[in-house]
Each structure stands twice: as structure tokens, then as C-alpha cells.
Amino acid sequence: MEKSLKKIGLFGGTFNPIHNGHLKVALEVSQRFQLDKILFIPCYLPPHKSGQEIASASDRLRMVELAIAPFARFEASTLEVDRPETSYSIVTLERVKKIYSDARIYFILGIDAFLEIKTWREYERVLNSCSFIVVSRPGFPLEQAEVVLDPPWREKMMVVGPEIKIEEVERDFPRIYLFPMNSLNISAKEIRAKRKRGEPISGLVPEAVEKYIVENNLYNHHQEND
Ligand code: ATP
């Protein structure tokens, strides 16, 4: 990995599989916040959870690589899948900060994931060590973010509407940016369900990912106890 980049986005997830909804988030966020790089970090999942519903770490990572191949600023990271243990954001964040010691880190996530933040290990330390970019997702109003955290944290939140100049507001660090965007109504769960029913998933994932899923029989209705 190269060093001395200024603004790095971390986009973590199960990516089971990565889909066009994820890509739209990364593309819009990287443009709006002028990020130099976004690291896509598939999480580790214990082997007993793998099978029909959860593809192996190597398959999920490969699909991420295929999906982001056209985009020079996107990079697949093995930081979590390489470690056979529960993935905690604080641990990943500390590791990224060591690698990119001179960078500003932005944690990218959907509002549905942000609503769970109080369950994260050392969530206040995470909030203190990087800025957050919380994006809208169909079915989850962005305003819900304001009731999740206690008042001192709420003061760090701001809605990034079109009138906001990023270079001005980011002088304050860390912050929690609420970014309203036209997210796609796509979920990995829906894609797995379609595969199970034997339905096509075209348009929901990049073509290369669709090809990989079909060729490798992932999430297939023919697999029973795999
Ligand atoms: P599943 O349906 O299996 O729960 P998912 O589609 O939510 O999966 P994840 O890999 O769990 O995908 O999501 C990783 C991150 O991407 C999370 O922060 C999530 O909020 C965000 N995200 C996923 N899909 C979208 C979408 N369509 N629009 C905006 N954010 C999304």
C-alpha cells in the first residue's frame, strides 16, 4: 500500500455479496468529500457461519476486487479477512492509522449500520479517532442519526447538503457528516434471496460479480447443506 495520502475512506461490510448500492455510496462519497482512496474492508466471519447464506471470505473478497477493478481510487483490503477473529472497528481503525499515519480517516457507513453504533466495542474511541460519513439508505431516514447519540456527540453532527463547502467544514475534526444521497434500494439479502429462488440478479451487482456468482454457484438454490 502506498503512503502519504491525505484523505482515506474506510468502507467495511460483510459484502455478501458487494452490490451496486455499495458502489454508488463509494462513488458519491469519494467525489463529494474528495477522498484520495477508499478501502473496501470485507469483515471476517467465523467458518460455522459460512455456507449457502454466507460466502467464504475469499469469495467475498474476490467479488469486491472484481467490482472495484474499474475504479483507480478504490482498493480491496484484507485487514479483517486475514485475521480469524471477530472484526472490531476500533482494531481495524488503529491498524489503518498505523499504515496511513499521515492521513485523515473517514469511516463510511449506511444509516442502518450507524444506528447500531452504541453496540460497538469502544464506540466513543472510534468516534474520537476519525470522522464519520453516514449515508442515507431507503427505509432508514437519515434524521434518525440524531437520536442515537448523546448530546455532546450530536454537536459534532452536520447534514452535508449541496450548500456545504467540505474544505471549510472539515477544519473541525472529528465530525459526523450526515450525507443525504439517492441511495439505491438494493440489499445483499435481496440478492441472496433471488439466487435462492433461481431468479436473475442482473442490474443489482456489477456484471463481473454476477458472472462470478453464477460460475461459482454462490447463494444457489441447489446447495442445501454446504
Ligand atoms: P445484508 O442485506 O446482507 O444485511 P447489506 O446489503 O446491508 O447486507 P453490508 O455488507 O452489510 O450490505 O453493508 C455494508 C455497508 O454498506 C453498511 O454500512 C450498509 O449500511 C451500507 N449499505 C449497504 N447497502 C446500501 C445501500 N443500498 N445504500 C446505502 N448504504 C448501503
Legend entry - Loop-located trypsin sites (Lys or Arg not before Pro) in the stretch 135-226 whose Cβ has at most 11 other Cβ within 10 Å (DSSP): LYS165, ARG171, ARG197
Legend entry - Candidates per GluC sites (Glu not before Pro) in the stretch 116-187, loop by DSSP, up to 13 other Cβ within 10 Å: GLU116, GLU155, GLU163
Inset, instruction - First compute the accessible area of the stretch 95-226 with a 1.4 Å probe, then give the percent of it belonging to carbon and sulfur atoms. - result: 47
Legend entry - Surface per residue (accessible, 1.4 Å probe) for the chain, Å²: 51
Legend entry - Size of electric dipole in the chain: Cβ of Lys, Arg +1 and of Asp, Glu -1, about Cα centre, debye, nearest 20: 160
Legend entry - Shape call, the stretch 85-175: gyration tensor on alpha carbons, a/c limit 1.5: oblate
Legend entry - Anisotropy class of the stretch 105-226 from Cα gyration tensor, a/c 1.5 cut: prolate
Inset, instruction - Kindly state, to the nearest 0.05, the FRET efficiency for LYS98 paired with VAL147, given R0 = 35 Å and r defined as their beta-carbon distance. - result: 0.55
Inset, instruction - For LYS189, go through the lysines and keep the ones whose alpha-carbon is under 29 Å away, minus same-chain ones fewer than eight residues off. - result: LYS24, LYS37, LYS49, LYS118, LYS211
Inset, instruction - For VAL91 and LYS189, compute 0.36 nm times the residue count separating them, minus their Cα-Cα distance, and round to one decimal in nm. - result: 32.6 nm
Legend entry - Area projected by the alpha carbon convex hull of the chain, averaged over all directions, nm²: 12.4
Legend entry - Label-point separation, ASN128 to GLN31 (7 Å along Cα→Cβ), nm: 3.7
Legend entry - Net charge of Cβ neighbours under 12 Å - reference PHE173; Lys, Arg +1; Asp, Glu -1: +3
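The values are calculated or read from the model by the stated rules, or taken from the named source; none is laboratory data. As the structure is a computational prediction, the values presented were derived from the model and not from experiment. Cβ coordinates were reconstructed from backbone atoms using ideal geometry, including for glycine residues, and neighbour counts include every protein chain displayed. Just so you know, the surface numbers come from the protein's heavy atoms only, side chains and all, with ligands and any DNA or RNA stripped out. Shrake-Rupley method; radii C 1.70, N 1.55, O 1.52, S 1.80 Å.
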